[in-house]
Every structure is written in structure tokens, then in C-alpha cells.
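The values are calculated or read from the model by the stated rules, or taken from the named source; none is laboratory data. Values in this document were obtained by computation on a predicted structure and should not be read as measured data. Here Cβ is always computed from backbone atoms with ideal geometry, including for glycine, and neighbour counts include all displayed protein chains. When the accessible area is computed, the model is the full protein with side chains, heavy atoms only, and any ligands, DNA or RNA have been set aside. Shrake-Rupley method; radii C 1.70, N 1.55, O 1.52, S 1.80 Å.
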Amino acid sequence: MLNNLIDLEEVSTDKLGAIIELACKIKANPEDYKECCRGKILATLFYEPSTRTQMSFQTAMMRLGGNTIGFDNPMNSSVAKGENLKDTIKIISGYADIIAMRHPAEGAAKAASLFSDVPIINAGDGGHLHPTQTLTDVVTLYNEIGRLDHLKIGLCGDLKNGRTVHSLIKTMSHFEGNEFILVSTRDLKVPGYIKSILKASGCRYTEHDNLSDAMPTLDVLYMTRIQRERFSSEEEYLKQSGVYVLDTKKLSLGKQSLKILHPLPRVDEISSDVDNDPRAVYFKQAVYGMYARMALIYLMLNAPAEKKQVKLPADNRVNRCDNPNCITNRESYLPRAFKNSGDMLTCMYCDNRMLI
Amino acid sequence: MLNNLIDLEEVSTDKLGAIIELACKIKANPEDYKECCRGKILATLFYEPSTRTQMSFQTAMMRLGGNTIGFDNPMNSSVAKGENLKDTIKIISGYADIIAMRHPAEGAAKAASLFSDVPIINAGDGGHLHPTQTLTDVVTLYNEIGRLDHLKIGLCGDLKNGRTVHSLIKTMSHFEGNEFILVSTRDLKVPGYIKSILKASGCRYTEHDNLSDAMPTLDVLYMTRIQRERFSSEEEYLKQSGVYVLDTKKLSLGKQSLKILHPLPRVDEISSDVDNDPRAVYFKQAVYGMYARMALIYLMLNAPAEKKQVKLPADNRVNRCDNPNCITNRESYLPRAFKNSGDMLTCMYCDNRMLI
Amino acid sequence: MLNNLIDLEEVSTDKLGAIIELACKIKANPEDYKECCRGKILATLFYEPSTRTQMSFQTAMMRLGGNTIGFDNPMNSSVAKGENLKDTIKIISGYADIIAMRHPAEGAAKAASLFSDVPIINAGDGGHLHPTQTLTDVVTLYNEIGRLDHLKIGLCGDLKNGRTVHSLIKTMSHFEGNEFILVSTRDLKVPGYIKSILKASGCRYTEHDNLSDAMPTLDVLYMTRIQRERFSSEEEYLKQSGVYVLDTKKLSLGKQSLKILHPLPRVDEISSDVDNDPRAVYFKQAVYGMYARMALIYLMLNAPAEKKQVKLPADNRVNRCDNPNCITNRESYLPRAFKNSGDMLTCMYCDNRMLI
């Protein structure tokens, strides 16, 4: 069904539905799945540490009866001796049956998929993509609400830099009747290309700078970290930060059926006393994430798609991606590849767009 | 039987006996237990590294057929991103079936137990408690000697700062007829509150400053690390340190039935040639520790006590614990709680006692 | 069959043949072996990090149905608290059924074998030995070529310092009719004692300074890292380094049946475009390494040799090994031991030879 999960946008709505459905089945009957990956090995290659995500993958594999190898610290790995990504992937894909990798460079998972003999799951590539977080979010919504359409979805905090926010918006825009309420400071609004996607999808959206105002109509509130350094000045931070902290007072404005999500870890954008409110589902969300990853691993190992050779299109009008954090600018052997649309080229690894 | 193991003093002598008995049964018939935690996951959350203890827990879980996740280095974990203990515990208790945690702050395991959905084992909280070490010690004594009462127990080294020493004294004082021979420098004597416990229990004890003098009558000799910096001066250290090193000469003064224990790692307080003496059981002690942990994990997963809501008593005459290393002074959302006895308040997390 | 694997030279050709044969059987029928170490634990004690090798051992154990514990960073382990090798090994051999260890000091695995209650596999001891790499190499050759004799074996790069090169030469010199083509700079030639071994074995060898010249006759080309700092000057490096880089142009001079091996990681001594040539087997070599380690672990756990007390010969004409990196110069409790041959003494730990 899936050979790799690099970008959730490459997964059809049908396939996404199948993953969600399986996650629900596993949650309902974990015993039925506890031996189904016996003898299989998941490698978790974390070129930058993320204990939470790594443990979620490890737990998912273990609850399917499988085992795990991996690293969480590049300084302890062969990488520190200067080994390139290709060689590491070539070798690990000889050891393991499936690989989940996190890497600081954008496009790294895509690059790995060119060389791997086993499925690659993108567990985060720099600020670019983190598809299993979005999978976690939609499994949570489906389980907690019962549908993925006709929802009023509030997103609050740093909407400019948050890859999970962008990915969730893109995914939810594929379902009918969803409306987005975007709450942020002026400096941290969603980027233009996300608004273009929303317009193209026909989804309604509104922008707000005050959480309390937006609160009463929401079915879903997706909170994100807001970082002090994102504000233009310390005074600006102090003036505004409280506006974006969810506390019991603001929560009292919300519907009884509201669901509050957060990708975690939080800093202080949700106050601790909100945790006891039944509408707070961010801790359950982490458990849904485990089931989502179980479903994903199960399907990739047991129902693989027909393997096709990844073919990268060449475009010789440019010879390098101008995103300094693109994996192609770190690993020189990688074939450059761009997708052409009008007068724009999009890097096939990191999705960076360049004028020709 | 047990929901959490935070402090061995909270475990009744009957329950302690049941754990010891099970440890003996597992040691005798490991095959009978090798699949009994199949499909279960132990999380070992080590906020400060302790490879030995962590590997003992991991091995214990694996020898029951279970699996493990965890971390050993807070710098690689979400903790480094500022996540509080509550959130980490909330999430990990959604992944794992049981948690063993070590933390530098006193009372941290207690705090974790307030939020965890699964059993918590305290694998060391700062200088406060380390109950599975004491469990290891008593399983060793019971196996090697056949009883836990009417023993002459020598303890030698740093008796002032050693949490394992205090915990062993408290536990062994519950058994009839035990006598304690306390060997240390004047500066490293057991604290007054331990002597009060001994007096209250009716156990006899004597204090000595010379190991050789104490040696001939002992059934048990529990050695501990003595640290150079604990002496008042370098000359004092050089003058006295040899007095507390167990070598074959001093050992020759001991009974043939003597058993020598040490919580390990040792530095040089037991000389290497003592290792070959059959009375040296400190390496076997580590193996008993594995069986003790197997018994504990087995019982907590298979014979849980009725879950009751932990209720912390409030006392509003003080609003914070004055132990700077208490977990409540690191994690501000924790409810403060004190136990009142006369004109003293005892912190329910770290057992720090304060005058009202 | 084997109690420990410290030095491949201590393994008879018959036993080596049995390991290779089993590795082939496991590769052909992995399903038959996937539960055969169920319930067993491998400890991977890596006193210096080597993610690749450690993951190879972990994968091998898991694919036999077993489990693993271990560490990869001495700074996180009890070692950092000053625990000596003996105590660590004593304790870990109480937890695990078999130990694979890497250590920066030469002779460390030998030293560990004196104290361990379970089999020790040397996973690298400083610059001294790395027997499972050589086992990997011969399993690769046997599988890819079908025989281990009558081969023209080229070795290229740093032939002076490479422990894998020396070990492979020694092992292959036991098989009939092998011929060695040694390609290196003058400064990086194989040491005299290796040439003595070759002469004694009756194997022919020739030395070359140019890879292209040697290429056409080779059945096997074993490439190794060449390090910039090994050249006498930067100009020398720039002048010569290209001579030792295998690229498609040089490869075109090789036979169609040539097999190219490399212990990995590589830096730039094999250009990336060689990877697609079917003669490049260095990535497959890593997979053979996993099967080699599976065979080794299986045999050590299931067909142990009769356990005999290791007896170290004493020679009181010298009282310490003069190799500063010998484990005996780091761990003072170790009994010194030397083998006497004529006017030379050989350290039984690190094989350092001293004139009496």
C-alpha cells in the first residue's frame, strides 16, 4: 500500500482513511496485533535527538511484536566519522526491515528513500515535514469526534514556522466543509502558500489575533508552542503572550464538545489546570500517535505497494537548490531534481521553490 | 499487591516477604517465568545516568519476556527542551506498562506517581531513596543466610550520607533480634534520626571507628564507598582511609559464615584479592538484584493493588519545602503536601522535616 | 565449540569452516533460526562508540530471537565513576548470556575473558584485533566466490596500520594457493611481521605502489581508508591520494569476476559511482557480517566448548608490558603474562613483543 512515508500529501485520502481505520482497529483489539511483526526489526535513526518521537516508534514496533535498533545521537554514530547518508542507509537497510529517521536537513528522508532497500518513514526532516505527527492528529480527531469533515478548526500560536500546523491544514483541507480559524500575532500568521492551498480547496478560513474571541465556535483547538524570540521585542512578548495562553478562563468560553490538541512538548501555552478538563486530549493524542504508528508500520511491512524505481526528474536550467538547509547541499553525490511549474522550480527533496 | 514502589518503608513486612519469596522462586525456576510479561513494556527513565541499575531493570524485564524503552541521558531527551516531569510521565505512561525512574531531585518518583497511569518504581531520587537496592540487599541476605532476623550486621564506611545504608538499617530493624555494628569515622556516623529508629525498634547497636575490632562477631558486613572529600583534611584521609579498606588480612578476622555485601560500584574500599573469598557475595548480589527486580515487576504487573487515588494532605501553615533539592522546588505546579507530627512538618515528597 | 572469540588466529581452520558454513545456512534459511536464542541476552559493551558494529551485533541477536542490553558511551556508564573492567564484566556476566565488547585498550577483551562467566566476543580492542570483521570478510568471500583458496587478493590503502588488513592476510594465508597483491605508498606498507607470516605460510605476495597496474589480475580487491595524516606531507598526499581512489576508470581494468570489499565506513577511497557496479560487494558485506555474527552467537550459546580455566603463563624476567595502550597498563590488578620465544617475550593480552 505504501512504500515510504515521506510527505503525507503524497498519500491519497483513501489510503489515509485505511491507515486511520486500522489504527482504530488496533486500538480496539491490540491483542490481535501483538505478534504480527514478530521477527521484524525497525531501525530508528535519529540524527537529532527527539526522545518522545523515537519512543513512540519503538513502542509501536514492540506492541506489534517486533524489535528495534537505532541511535539518538549522531556524535556517537559512524556519522561522526564522516559517513554519508547513502552509505548509512545502504547498510542499515541490510539490517532492518523498516527505517524511521529524523534528520536536521530538509529532504533527508526523501534522499534516504533513493537508496534504501526497505521502507522509509520520515520522522521529521528539519523544519520541512513531520508526517507521522499529522497522522497522529487526524487519528486523534477521528477517534475523539467521529469524523474529519465539517469541523471548525482553530489553530493558535506560531502559525508561520510550525510545520505541524501547515501539514495539518493541508491534510484537513482535503475533507469537505472544514473551516479554519487562524489565531496568531501579525508576525506569526500562516504563510501565503498555505492560504493559497486553502483557497484552492474551497475551505473557508478567518484570521484572528485574539484567542478568546475565536473560542466559542470551535470544534477543535490546536495549540502550538509560541516562542519568546518570535516576538519583535520583549515588551511585545509580554503584552501579547498572555493572549495566547490557554487557561481555564478562556476554556470556559469553549463548547462542551471542543477538543484541545497540542503536538507537545508544551512550554507554558496551556496552563496546567486545563489538563484535568475532559476537553484536553493532548495526552491521549500521544497514545493515538502510537496506534497511528502501529498501523503505519503494519501496513508498510505487510501490505507493501509494488516497488517502483524512484525516478527523479532532471532540470538542467538550475544546478543546485538555493535552500542552504536542503540535504542536497550537504551530500554532494545526490542527484539534483526539480519539478517545473510555470516559471518556478520546486526542489524534489525539500520543496524549496525558486524562480527560474 | 503494590501500585508503586516509592519507599520500601511503605511496604509491609508481609508484602516484602512475598517479594523475597517470589525472587527465590524465579531464581530456582527461571524457565517458568520467561514468558510471563510477554507483550509488556518497561520504560526506564533515567534523568541521570546509572548504567548498572538501568541494565538490571532491563535484564529483569527481558528475562520475564517483556521489552523496554527509555533514556539514560536527559540532554538527549525532551526534558532538555524544558518539558516538565508531569507531561513526560503522562505521555510515557501512555506508551509503557510500568516505569522505573531515576531522577536527581528528591521526591521525584513520588511526584511522578501522582500523574502516572501505570506503576512507578523509584530507581533512585537524588540522595533520598533507592528502594530496589535495599530489596536487592535483603534478597541477597535471605538467599545467602536463610533468614533475616537475629543477625549481627556490620555497616562500614560513609554511614552519614549513604542512602542505601539508612534504608537497609530501617528495613532490617523490622526483623527480630538484629544487631547493628556501625563502623565509621566520627564525621561519618549515622544520623540521629536513624539511631532514633533503631532505639524505637528495640534493636541493639554499637558504634566503632575500627573495622578490625568489629570484624570477629559479624554475620554480615555491608561495605560502602568512602569518599576522600568526606574527610576533614588530606592528612585525616591518609591516616584513616586504610582502616576502612577491607583486605584479606582484616577478612581473616571474620567468621567463616560471614557474608560481605557492597552496593557497587566500589572504588578501593575492598581490595581486589578479597573477590576470590567465598564470603565475598557482592558480585552475586548484583544477580540477586536482577531476581528481586523480576519479582517486583511481575507482582506489579500481575497482582496490582486496588488502584486508589493518591491523596496528598494539605497543610497551609507552610507553603514550601525548604529542601532546595526537593522536586517541589523544581516543578512549580506540584501540590505541596506535608505530614504533621507535633511541631514538625514532613514533606510528603522528599521526607524533609521542618519546624513549624 | 568456542568459549570466547578474542583472536581469530586462535580458531582452527576447521572451526572457522564450521562458522562460515553455519552463516551460509542461516542466510539460506533464516526462518529456521529465528527463535533459537529466545530468552537469551547479549550485552554489547562499547567503551568507545561504533554504531555500525554495535547495530550489527544487536540485529544478529534479534534475528535469532534474543534480546540485547548495553551501552555505547562510557561517559554515561559506571565506568565514568571509576569502575574497573573486572567489576563491570563480573556484574554484566551475571545479567547477560554472552558479551560483545569494544574497548580502546589493546588486550581488553582478553582481560575480560579472565573474569567473565559467559562467552566474550572481541568487537575491537584498540588497534589490536577485530576478529568479527575478518569473519565478515571471509563469509563474504566464501559466499561471493565459492571458495577461500587459490585467490589473487589485492589489498589497497593503509596496509601498515589497518588491523583488518593484517587479520585478513593472516586468516587467508591458512588457505592453499592464495596470493597477495599489496598496494600502498612506501610509508604504508605491511609491517615486516606480516611478511614473515606470509613467507612461513608459503603464500606468494608482491608489493605495488599503483592500483591500476595491479588491477587486471585480481580476484578480490580489499580497499581500506587512507588517511591524509598518514602521508609525509600535504603535497605528497595530493600527489598520491588519487592513485588509491577506486573509480569507474580503474575498475574498468578489473576482471568481470572481481569482488570489491571494504570494511566501511569509507571516506572517499571508493568513488560513489562504483557502488552500482555488480562487482562492488561492500554493502552486501555488511549483511554477510550480520549472518557471520548470528552464526558465531548461535555456536557460542548452543555448542560451547568445555569450559577450561584460562591459565596465564608467568614470566618474571619482566614485570610490565611496554605498550602504553596495553590494558595491563590501565588496570593494575591484572596478572601480567608473557609468552616466551627465544629472546622475545610476547604480551599475552596485546601481543606486544619485547626483547628480554
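Remarks
- Against the main long axis of the alpha-carbon atoms of chain A, helix A:85-95 sits at an angle near 80°.
- Heavy-atom accessible area order for B:K86, C:K90, largest first, 1.4 Å probe: C:K90, B:K86
- Accessible surface, per residue, of the protein assembly as shown when the full set of protein chains is kept, probe 1.4 Å, Å²: 40 Å²
- C-alpha long axis of helix A:131-145 to longest principal axis of chain A, angle in °: 40 degrees
- Whether the protein assembly as shown is rounded, prolate or oblate, judged on the alpha carbon gyration tensor where a/c under 1.5 counts as rounded: oblate
- Solvent-accessible area assigned to carbon and sulfur over the protein assembly as shown amounts to 46 percent, based on a 1.4 Å probe.
- Label point distance in nm, B:E229-C:L355, each placed 7 Å from Cα along Cα→Cβ: 4.8 nm
- Here's how it looks for A:F180: its modeled amide H is under 5 Å from those of A:I153, A:R204, A:Y205, A:T206, which are all 5 or more places away or on a different chain.
- In summary, the aspartates and glutamates within cross-link reach of B:K160, defined as a Cα separation below 12 angstrom excluding same-chain residues under 8 places away, comprise B:D187.
- At an R0 of 30 angstrom, the distance between the Cβ atoms of A:D247 and A:E176 translates into a FRET efficiency of 0.35.
- Segment B:317-356 and segment A:175-202 have their alpha-carbon centroids 49 Å apart.
- log10 of Debye I(q)/I(0), alpha-carbon scatterers only, for segment A:312-356 at 0.13, 0.33 Å⁻¹: -0.22, -1.42
- Solvent-accessible surface ranking, highest first, for C:E234, C:E10 at 1.4 angstrom: C:E10, C:E234
- Helix B:282-302 axis versus longest C-alpha principal axis of chain B: approximately 30°, rounded to the nearest ten.
- The residues packed around A:T44, meaning those with a beta-carbon under 13 Å from its beta-carbon, carry a net charge of 0 if Lys and Arg are +1 and Asp and Glu are -1.
- Mean-position separation - Cα centroids, segment C:206-264 and segment A:82-110, in angstrom: 27 Å
- Using just its DSSP H runs of length 4 or more, each adding -39500 (n - 2.57), chain C gives a mean residue ellipticity at 222 nm of -10000 deg cm²/dmol after division by all residues.
- The order of the peptides C:344-356, A:291-303 by mean Cβ neighbours within 10 Å, most packed first, is A:291-303, C:344-356.
- Amide hydrogen proximity for A:F338: with H placed 1.01 Å from N in the peptide plane, the residues at 5 or more positions away or on another chain lying under 5 Å are A:D315, A:M348.
- Vicinal HN-Hα couplings computed from phi for segment B:5-20 (Karplus, 6.51 cos²θ - 1.76 cosθ + 1.60; Hz; Gly/Pro x): 10, 9, 9, 4, 5, 7, 9, 5, 4, 4, 5, 4, x, 5, 5, 4
- 14 Å beta-carbon shell around B:D247, net charge (K/R +1, D/E -1): -1
- Sequence ranges A:170-182, C:134-146, ranked by mean other-Cβ count within 10 angstrom, highest first: C:134-146, A:170-182
- Simple Cβ-charge dipole of the protein assembly as shown, Lys/Arg +1 and Asp/Glu -1, about Cα centre, in debye nearest 20: 780 debye
- Amide hydrogen proximity for B:L221: with H placed 1.01 Å from N in the peptide plane, the residues at 5 or more positions away or on another chain lying under 5 Å are B:G154, B:K259, B:I260, B:L261.
- Within-14-Å neighbourhood charge of A:Q256 [Cβ basis; K, R +1; D, E -1]: 0
- In Hz, Karplus ³J(HN,Hα) per residue of segment A:105-120 (6.51, -1.76, 1.60; θ = phi - 60°; x = Gly, Pro): 8, 6, x, 5, 5, 4, 4, 4, 5, 5, 10, 7, 8, 10, x, 10
- Annotation: lysines with alpha-carbon distance below 16 angstrom to C:K255 (same-chain offsets under eight excluded): C:K152.
- Protein heavy-atom accessible area occluded, C/B pair - total, 1.4 Å probe, Å²: 2200 Å²
- Seen through its C-alpha gyration tensor, with square-root eigenvalues sorted a ≥ b ≥ c, segment A:133-285 comes out oblate because a/c lies at 1.5 or above while a/b is not bigger than b/c.
- Counting only other chain Cβ atoms within 10 Å of each residue's Cβ, the peptide A:87-93 averages 6.
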